[in-house]
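**Student:** Please find one structure pasted underneath; my questions will follow.
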Amino acid sequence: MKYLFSSLLLISSLASQSLYADSHFSLTSPDIADGQALKSEQVFKGFGCDGGNTSPALQWQNEPKSTKSFAVTVYDPDAPTGSGWWHWLIYNIPANTHALEKDAGDLKEGHAPEGSVQNTTDFGSKGFGGACPPKGSEAHHYHFKVYALDTEKIELPKNATAAMLGFNLNAHKLAEAEIIATYQR
């Protein structure tokens, strides 16, 4: 009887883990992959780099049912600044949106979801700024992260810092998912 109870407990545990795995909030992309190097397309054009500066297409699924909006950030914690480097900050993405088109980070192209806001990056401009680590440094890690939020809108001043947005994202976060890509030159 003791073994039967242990077996049932194990089966129940495995089944619930399987159900959780199937409904886990996740982020995918046809353009980038977890643990893989970014392509030239996602490299910055400027600061000594000559890439395409194109944000990748991103898709997410299985967000919490109470999600009211999304935000996407790209952050490099390896930048030699003492505080990392923010490459992309887009928020107030409507809850019925589950993807960003390739190049949604180019403000001139207009591919970002209606109503979304793109904050100023550490390059000093709004929109996507690709990878551009110092020449000869070890591979940097680029955290492409989507947040499911409990609010429809985050209201920030036009000159809000990435830290101010990050504070608000963490205050309203229901779930997050990420892809960590690398780049070295």
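Nothing in this text is a laboratory measurement; each read-out follows from the coordinates by a stated rule. This is a predicted model, so every value here is computed, not measured. Cβ atoms come from the backbone with ideal geometry, glycine included; neighbour counts cover every protein chain shown.
**Student:** Treating the Cα atoms of the chain as identical point scatterers in vacuum, please give the log10 of the normalised Debye intensity I(q)/I(0) at q = 0.09, 0.16 Å⁻¹, two decimals.
**Tutor:** Results for the chain at q = 0.09, 0.16 Å⁻¹ read -0.36, -0.95.
**Student:** In square nanometres, what is the average projected area of the Cα convex hull of the stretch 141-185?
**Tutor:** Approximately 4.2 nm², given one-decimal rounding.
**Student:** Using a simple spin-label model with points 7 Å from Cα along the Cα→Cβ vector, what separation in nm is obtained for LYS153 and ALA33?
**Tutor:** The two pseudo-label positions are separated by 4.1 nm.
**Student:** Which lysines, on any chain, are close to LYS102 with Cα under 16 Å apart, when same-chain ones fewer than 8 places away are left out?
**Tutor:** Cα-Cα hits under 16 Å: LYS39, LYS145.
**Student:** Can you compute 3J(HN,Hα) from phi for each residue in the stretch 101-107, using the Karplus curve 6.51 cos²θ - 1.76 cosθ + 1.60 with θ = phi - 60°, rounded to whole Hz and x for Gly and Pro?
**Tutor:** Whole-Hz 3J(HN,Hα) from phi for the stretch 101-107: 5, 4, 6, 5, x, 9, 4.
**Student:** Right, next: Nearest 20 debye, what's the magnitude of the dipole of the chain about its Cα centre given +1 on Lys and Arg Cβ and -1 on Asp and Glu Cβ?
**Tutor:** 220
**Student:** Here's a follow-up. Using amide H atoms built in the peptide plane, which far-off residues or other-chain residues are under 5 Å from LYS126 H to H?
**Tutor:** Residues meeting the amide H criterion: THR121.
**Student:** Which whole-Hz couplings ³J(HN,Hα) result when phi for each residue of the stretch 84-96 is put into the Karplus expression 6.51 cos²θ - 1.76 cosθ + 1.60, θ = phi - 60°, listed in order with x for Gly and Pro?
**Tutor:** Going residue by residue, I get x, 8, 8, 9, 6, 9, 10, 9, 6, 7, x, 4, 8 Hz, with x marking Gly and Pro.
**Student:** Expressed in nm to one decimal, what extension gain is obtained for the pair ALA163 and GLN184 from 0.36 nm per residue of sequence separation less their Cα-Cα distance?
**Tutor:** Extending this stretch completely gives an extra 5.0 nm.
**Student:** Continuing with this model, one more query. So what is the relative contact order for the chain, in percent, with contacts set as C-alpha pairs under 8 Å and at least six apart?
**Tutor:** Computed value for the chain: 26 percent relative contact order.
**Student:** Would you order SER29, SER55, SER40 from fewest to most other beta-carbon atoms within 10 Å of each residue's own beta-carbon? Write down the numbers at each step before the final one.
**Tutor:** On the way: SER29 18, SER55 31, SER40 14.
So the residues, fewest neighbours to most, are SER40, SER29, SER55.
**Student:** I need the phi-derived Karplus couplings for the stretch 178-185: 6.51 cos²θ - 1.76 cosθ + 1.60, θ = phi - 60°, integer Hz, Gly and Pro marked x.
**Tutor:** Running phi through 6.51 cos²θ - 1.76 cosθ + 1.60 with θ = phi - 60° gives 8, 10, 10, 9, 10, 7, 8, 9 Hz.
**Student:** Under 5 Å between amide H atoms, partner at least 5 residues away or on a different chain: which partners does ILE32 have, H built in plane at 1.01 Å?
**Tutor:** none
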